[in-house]
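The values are calculated or read from the model by the stated rules, or taken from the named source; none is laboratory data. Source: prediction; values computed, not measured. Cβ atoms come from the backbone with ideal geometry, glycine included; neighbour counts cover every protein chain shown. What goes into the accessible areas is simple: the full protein's heavy atoms, side chains included, and nothing from ligands, DNA or RNA. Shrake-Rupley method; radii C 1.70, N 1.55, O 1.52, S 1.80 Å.
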Amino acid sequence: MAKSIMINMLMLSLTLLILAPFGFSIKTYGSYLYPQFYDRSCPRAQQIVYSIVSRAVAREARMAASLLRLHFHDCFVKGCDASVLLDSSGSIISEKGSNPNRNSARGFEVIDEIKSALEQECPDTVSCADIMALAARDSTVLAGGPRWEVPLGRRDSLGASLSGSNSNIPAPNNTFQTILTKFKLKGLDIVDLVALSGSHTIGKSRCVSFRQRLYNQSGNSQPDFTLDESYASQLRGTCPRSGGDQNLFSLDFVTPTKFDNSYFKNLLSFKGLLNSDQVLVTKNQVSLELVKKYAADNELFLEQFAKSMVKMGNIFPLTGARGEIRKNCRKINS
Ligand code: HEM
């Protein structure tokens with residue numbers, strides 16, 4: 001009897017281990033994320049998130065991109081635990097001041113609006129981390145991308161990490177290898193890297209994030225030869241050698257607000273905006289082949305994107321008794 005229970009337990013653990021990389025349900029300290037988490041405790045949660053995100057995106061199409069990125073910037077720092085939403089106070093130093101986030105991360109007011117609607121509907125129930133995961137999915141759908149079931153049950157952190165935000169989130173001038181390493185440290189692989197970079201099919205970048213590709217730097221390095229010359233000269237028009245740091249440029253100049261595979265087509269014609277985009281075709285054979293596949297097959301891209309988003313959303317969530325359900329996403333409860 002005891003032996004058969006042991007064997008059953010072993011089989012279950014093995015099955016979970018095999019299924020985990022596919023994002024079915026991830027075991028973390030005895031608890032799981034699963035899509036039905038709020039079905040009893042807050043049945044209208046997903047509806048409420050969707051309606052507020054869709055109003056925000058109708059007001060401003062870019063908001064879809066900003067909310068998608070916010071989830072990424074959350075998950076890469078201490079896991080998907082809403083640490084990115086905390087303002088500085090007491091011993092907390094906000095991640096909002098980090099290099100990747102300063103003058104760049106946005107969408108916080110939309111998350112606040114969702115949170116206050118959910119606190120009205122079912123107080124102390126839906127975490128800010130789950131709100132971000134749902135808002136990222138809904139944003140993708142509203143921009144014309146794929147839909148997926150979002151595993152839920154994340155809890156919110158009791159702190160933030162400015163240094164983690166500075167070091168874990170890839171920078172646009174990082175090498176291909178550094179970017180891949182930063183993904184691998186989060187349990188994501190080269191397929192996830194290429195698919196998730198496809199987020200840059202929507203949204204905007206500031207001039208300061210790619211300027212170094214446009215100009216000779218004090219004589220010692222050449223402008224970026226992997227950038228199409230006519231595209232580069234067009235960009236120089238509104239991204240001057242100095243000044244205009246905050247000027248905005250579509251990451252995908254062909255279909256800037258549509259979630260499709262034109263980002264990958266741009267890369268193949270050397271019209272990726274960020275250096276971190278272009279290196280996917282110039283520095284690694286495996287990622288080049290993936291870019292070609294996604295450029296040729298929109299459905300394949302959308303399918304892989306959804307899978308990789310579930311995987312990213314599963315990075316080290318707080319579950320069970322760890323963390324808390326914040327009342328206000330900007331501050332810890334006590
Ligand atoms: C692979 C490494 C990545 C790098 C180096 C990178 C870097 C950047 C940079 C520099 C910007 C422009 C920021 C600015 O100038 O204000 C940006 C924008 C954006 N990123 Fe990434 N990113 C990466 C991966 C991702 C991933 C994995 C996602 C989502 C899953 C994502 C989603 C976005 C979106 C949607 C925008 C536009 C945001 C907006 O318009 O508000 N990025 N990224």
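Annotations
- Checked against the criteria, N216 counts as modelled with pLDDT under 95, open to solvent by 40 Å² or more (accessible area, probe 1.4 Å) and more than 10 Å from the ligand (Cβ to nearest atom).
- Candidates I315, I332: the one that is within 24 Å of N174 (Cβ to Cβ) and outside the structural domain of L185 (by TED's automatic domain parsing) is I315.
- Qualifying positions in segment 299-334 - in a helix (DSSP H, G or I) and either touching a Lys or Arg at 6+ places or on another chain (Cβ under 7 Å) or open to solvent by less than 50 Å² (accessible area, probe 1.4 Å) (or both): L300, F301, L302, Q304, F305, A306, S308, M309, V310, K311, M312, G313
- Any hit, segment 131-151, residues being more than 14 Å from the ligand (Cβ to nearest atom), in a loop (DSSP other than H, G, I, E, B) and open to solvent by less than 60 Å² (accessible area, probe 1.4 Å): yes
- Flag for S287 being free of Cβ contacts under 8 Å to residues at least 12 places away in the same chain and either within 11 Å of the ligand (Cβ to nearest atom) or farther than 18 Å from N173 by Cα (or both): no
- Qualifying positions in segment 266-280 - assigned to a loop (DSSP other than H, G, I, E, B), open to solvent by less than 10 Å² (accessible area, probe 1.4 Å) and of a type in the set (A, V, I, L, M): L273
- Residues being more than 9 Å from the ligand (Cβ to nearest atom) and over 18 Å from the mean Cα position of the chain (by Cα) - total across segment 177-213: 4
- Per the listing D245, D277, the residue uniquely without any contact (Cβ under 8 Å) to a residue 60 or more places away in the chain and within 15 Å of the ligand (Cβ to nearest atom) is D245.
- Of all positions in segment 155-171, none carries a residue that is closer than 20 Å to N266 by Cα, open to solvent by 40 Å² or more (accessible area, probe 1.4 Å) and not basic (K, R).
- Of all residues in segment 83-106, those being under 18 Å from the mean Cα position of the chain (by Cα) and more than 16 Å from the ligand (Cβ to nearest atom) number 2.
- If you go through segment 52-63 and keep only what is open to solvent by 50 Å² or more (accessible area, probe 1.4 Å), assigned to a helix (DSSP H, G or I) and small (G, A, S), you end up with just A58.
- Any hit, segment 33-40, residues being assigned by TED's automatic domain parsing to the domain that holds A135 and either part of a helix (DSSP H, G or I) or open to solvent by 10 Å² or more (accessible area, probe 1.4 Å) (or both): no
- Residues that are crowded, with 16+ Cβ neighbours inside 10 Å, assigned to a helix (DSSP H, G or I) and in contact with an Asp or Glu (Cβ under 6 Å, 6 or more places away or on another chain) are absent from segment 93-108.
- Just one of the numbered conditions (1) more than 17 Å from the chain's Cα centre (by Cα); (2) closer than 28 Å to V53 by Cα; (3) not assigned by TED's automatic domain parsing to the domain that holds L290 is not true of S163: (2).
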